[in-house]
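A quick write-up on the structure given underneath.
Please treat every number below as a calculation from the coordinates, not as lab data. From a predicted model like this one, the values you see are computed outputs, not experimental measurements. Here the Cβ positions follow ideal geometry from the backbone for every residue, glycine too, while neighbour counts run over all protein chains shown.
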Amino acid sequence: MNALRLGAVAQALLIWDLTGSTLSLGVVAAASALPMMLINVFGGVMADRFEAKNLLSITSLVGAALLVVLGVLDATDVVRPWHVFVIAILTGLISGADPPARQAYFPSLVPNSALKSAVTINGSLLASASIVAPTLGGLLIAATNTSIGFFVAAIGWFSMFVVTFVLPGRGTIERQRSVLRELTTGFNFIRTNRVLLVLAILVFSNMLMGFGWIGVLPAYVDRFGGGEREVGFVFSSAGVGAFTGILVAGRLSLGKHYGRVTLAAAALFSSVMLVVSVSPVLALGMALALIAHFGNGFFNISAVVAVQLRVPEDIRGRVMGVFAISQSVGLLGGLWTGTLANWFGIKAGMLVGPIILLTMISLIFVTQKSVRMLHENPELDAT
């Protein structure tokens, strides 16, 4: 995941250097997000039908190759914006199979009693990628150029390909129905479970409305006169916050307060992001981003644990494939944020999402008792 984050940072910086347009930043984010969303769902079906570690092996190898191609184009000074858009689309297709395969893979290796710890460890690894990779990428690119960022990210992808050879197998689940029919299983399970349905809506909204600012981060930093290093530092500040939030959520036993605290964490993210949007200095924005993403990390890991504990093993890949789409939706948020920023300025573009998100959280808290009263133990939800 360090490789994925580093590649994303290099890609955003490259398109910003080529175009200087917030709209282009959003379009590149959408170019990755849309194919990723499509494959996320089918990736969930594949994760149940085929060996998950083999899927991870294939995506890692192809992902490395794509970054090498973009790095060569950049290093030889022949890169054009359309090259970045095409590679973004292809990377989205490959990356889309990765999250559902991971989310179906690791829970199957541990008992339910250890599931919260397993989810926390997995989430903390993803968050640590948001700390190390952007800082490394920003410093590398500032000292050299964006092509180095692509080559280093490719090495990371290839390393994951090598690691898959020593991972244990999850096994496969025999299916007789068509892929399209299997595809509806995850959606139907979520649709008929009120708690999972509301959590899905909230997780998707959180990513779509709250993460658009990541897609236009080079433009946000440029507002303060910053460059590649500062992009890495701000990205990493958010990563530190998310990492801390995940660790704290994994350590706490919330019992009957699980739902209320989870919603409060989501509200913390959206409310603090309102202030990040209008921060007068970059240092304050970085500090507030850390606090905001603490809430986001806490919320996301709590929501994933709640879902994982309530999903049967035989359909885990398909259900988690649906939730994996939320990560792609977060990238898609960069499109509308970048469009609004292009029309009304970066501050206005960043303000809209958190306002909508905070309103939604308030409505869910008031109207959805099953989520508000959610218990850490699924067997005690009704008590």
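Nearest 20 debye, what's the magnitude of the dipole of segment 256-383 about its Cα centre given +1 on Lys and Arg Cβ and -1 on Asp and Glu Cβ? Kindly include the intermediate steps, with their values, before the conclusion.
Details: 8 positive and 5 negative charges, 47 e Å.
Computed about the Cα centre, the dipole is about 220 debye.
Using 0.36 nm per residue, how much length does the chain from Thr184 to Ala283 gain when fully extended, once their Cα-Cα distance is taken away?
Working: separation 99, 0.36 × 99 = 35.64 nm, distance 4.64 nm.
Gain on extension, Thr184 to Ala283, equals 31.0 nm.
Take peptides 194-200, 281-287 and line them up by average Cβ neighbours within 10 Å, highest first, as a rough protection proxy. The partial results should precede the final answer.
Details: 194-200: 19.1, 281-287: 15.6.
Listed from highest to lowest mean packing, they are 194-200, 281-287.
Could you let me know the centre-to-centre spacing of segment 52-88 and segment 250-317, using Cα atoms, in angstrom?
Cα centroid of segment 52-88 versus Cα centroid of segment 250-317: 31 Å apart.
Cβ neighbours within 10 Å, averaged per peptide: list 260-270, 66-76, 319-329 in order, most packed at the top.
Working: 260-270: 21.6, 66-76: 19.6, 319-329: 25.4.
Final packing ranking: 319-329, 260-270, 66-76.
Quick check: from the Cα gyration tensor, does segment 218-259 come out rounded (a/c under 1.5), prolate or oblate?
Values: a/c = 7.35, a/b = 3.37, b/c = 2.18.
Prolate, since a/c reaches 1.5 and a/b exceeds b/c.
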